[in-house]
Number of protein chains: 2
Amino acid sequence: MLNNKNLKVLIVDDDDEFLQDLRHHLQKEKYQVYTAASGKEALVTARKENPQLIILDINMPEMDGVEVCRHIRENPELSNTIVCFFTNCNENYTQIAAFEAGGDDYITKPLKPEVHLSRLRAILKRIDPDSHVPITIIGDITIDREKFLIIIKDEKIELPRKEFELLELLCSKPGRVFSRDEILNSIWNKDFTVIHRTIDVHISKLREKIGEKYIKTVKGIGYKFEG
Amino acid sequence: MLNNKNLKVLIVDDDDEFLQDLRHHLQKEKYQVYTAASGKEALVTARKENPQLIILDINMPEMDGVEVCRHIRENPELSNTIVCFFTNCNENYTQIAAFEAGGDDYITKPLKPEVHLSRLRAILKRIDPDSHVPITIIGDITIDREKFLIIIKDEKIELPRKEFELLELLCSKPGRVFSRDEILNSIWNKDFTVIHRTIDVHISKLREKIGEKYIKTVKGIGYKFEG
DNA sequence: TTACCTGTTAACAATTGTTTAATCATACAC
DNA sequence: GTGTATGATTAAACAATTGTTAACAGGTAA
């Protein structure tokens, strides 16, 4: 059903485990995935394959991600390639450097890439609106990322982006408790200017729309989805 | 099932027995464990392996834990490493020095490391929310740390944080008697403003929820769990 | 422009958890 | 038995956390 063969993604990271893990997830959704373990290799592959999206680790030996990005931006043939940085580093100057070098997006690198899969899907969707994203069914809830709506017992419900993302996150691991920090990290992406209580409001609105029974509060810890 | 290979933990302690004991417990949960017997060795290993968590004994000859921590904090590559101190010492000035040196957590060193396993798990969970924590099954009680609930004979019971922690502690060694001091130390972390009676109240509420038969009182000593 | 929708925040209400203190029960020594 | 020490139980005070509402800013479309 999924067919995203026309979308080429290049992942660049010197951490092989992370690389293979992310490759696996994206290949499952039929994207055409290329990998590179160093900045040099990345530039060679980028020139050869002309991918629509490059996911770049910032901290690499020899040539770091920011440097790679600069080279890409100098190459007119790669002018409309989207560059998305991944980094372990919290320091802001890195983030600024990343944008100055022409990066398009910046994601704090999670230990497990699947945490940000939905974020990457959104980027890929922006590049190619026709790309196919999977539909998830948990119990009597269906999440349709294509149409950006959820279906509960044949009833279609449209959700605003944040509420949708919130539900999607909780549903990514039913039963598992997500802390407020995790939620902020994943959906608001380290934007610590946003206050914690914002989450509560969105949870409240979500419950109002989809019913009380799905999202449970675990006091002092966070929220979880129960299917 | 457990796979926490992506999480590197460095334990630093000159007491070899404690070191090996804690190493064993963490390795059982598949964390990637490194050890060091001195401050110098710790810094070398830390630079080489870049662990996400360093567990540091404060009282060591030559270079003490606080000193090691200072060096770690000066190294930008180790900037987002979590440092957790372990110490025999009750004296407050040490604790203050530890935080001033950039420590993230401070645990009074127990005689057996397993007493603080759950605390360490919580820290590791904070670092990597997707890290797997074990599900414990003792007799007809199942403790699911992932979903934050316990199951007794197919019945799910949600417990408030302190009650959950209390049960978890007692269950960590069924049959073993935990003194009030140990319990306070582990769950309330040396917060001596809390009165001993508090434990009784929580025990009482726990028994009310999970039934009488599991938690036994050992007069004059403390409490134990019987499976 | 106006109207509408989303996301955010602040304020207040409601709920739940924790601790204290007072009272009750029991075991054991004398 | 009586008294003392210890633990159990309960209620109430207190603290922390979460839920809800309303107000507002910013964006977007008619």
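Taking N as the residue count of the protein assembly as shown, its C-alpha radius of gyration divided by 2.2 N^0.38 Å amounts to 1.09. Here's the list of lysines a cross-link from A:LYS213 could span, going by alpha-carbon distance under 19 Å and ignoring same-chain residues fewer than 8 apart: A:LYS153, A:LYS156, A:LYS173, A:LYS205, A:LYS224, B:LYS147, B:LYS156.
Which values of log₁₀ I(q)/I(0), to two decimal places, follow from the Debye formula for region B:4-124 at q = 0.16, 0.19, 0.21 Å⁻¹ with a uniform point scatterer at every Cα? For region B:4-124, the Cα-only Debye profile gives -0.67, -0.98, -1.24. Among the GluC sites (Glu not before Pro) in region A:174-227, those placed in a DSSP loop whose Cβ has at most 10 other Cβ atoms within 10 Å are A:GLU212.
When the GluC sites (Glu not before Pro) in region B:32-70 are filtered for DSSP coil states and for at most 13 other beta-carbon atoms within 10 Å of their beta-carbon, the remaining sites are B:GLU62. Overall, region B:135-225 carries a charge dipole of about 280 debye about its Cα centre when +1 sits on the Cβ of Lys and Arg and -1 on the Cβ of Asp and Glu, all other atoms neutral. With every protein chain in place and a 1.4 angstrom probe, the accessible-area ranking of B:ASP154, B:ASP200, largest first, reads B:ASP154, B:ASP200. Compared with the dominant Cα axis of chain B, that is its longest principal axis, helix B:117-127 is turned about 60°. Distances, shortest first, from the label point of A:LYS5 to those at the same position in the other copies read 3.2 nm; the point lies 7 Å along Cα to C-beta.
Would you mind telling me the antiparallel percentage of the DSSP bridges in the protein assembly as shown, rounded to 5?
Roughly 50 percent of the DSSP beta bridges within the protein assembly as shown come out antiparallel.
Overall, the accessible surface of the protein assembly as shown at a probe of 1.4 angstrom is composed of carbon and sulfur to the extent of 50 percent. Loop-located trypsin sites (Lys or Arg not before Pro) in region B:1-104 (DSSP state other than H, G, I, E, B) with a sparse environment of at most 15 neighbouring Cβ atoms within 10 Å: B:LYS5. Only protein heavy atoms count here, probed at 1.4 Å, and on that basis chains A and B bury about 1600 Å² of accessible area in total.
In region A:135-225, a dipole from Cβ-located charges (positive for Lys and Arg, negative for Asp and Glu) runs towards its positive end, and of A:LEU149, A:LEU166, A:GLY220 it is A:GLY220 whose Cα lies farthest in that direction. Calculation over all alpha carbon pairs of chain A in 5 angstrom steps from 0 returns a P(r) of 1, 6, 14, 17, 18, 15, 12, 9, 5, 2, 0 percent. With the label put 7 angstrom out from Cα along the Cα-to-Cβ vector, B:ASP21 ends up 3.2 nm from the copy partners, going from closest to farthest. Remark: label point of A:ILE127 defined 7 Å out from Cα along the Cα-Cβ vector; separations to the same position in other copies 3.3 nm, ascending. For B:TYR106, the solvent-accessible surface computed with a 1.4 Å probe is close to 10 Å², ligands and nucleic acids excluded. Think of a 1.4 Å ball rolled over the protein heavy atoms: region B:135-225 then has 52 Å² of accessible area per residue.
The values are calculated or read from the model by the stated rules, or taken from the named source; none is laboratory data. Predicted model, so just to flag it, every value in this text is computed and none were measured. Using ideal geometry, Cβ is built from the backbone for each residue, glycine included, and neighbour counts are taken over all protein chains shown. These area figures cover heavy atoms from the full protein model, side chains too; ligands, DNA and RNA do not enter into them. Shrake-Rupley method; radii C 1.70, N 1.55, O 1.52, S 1.80 Å.
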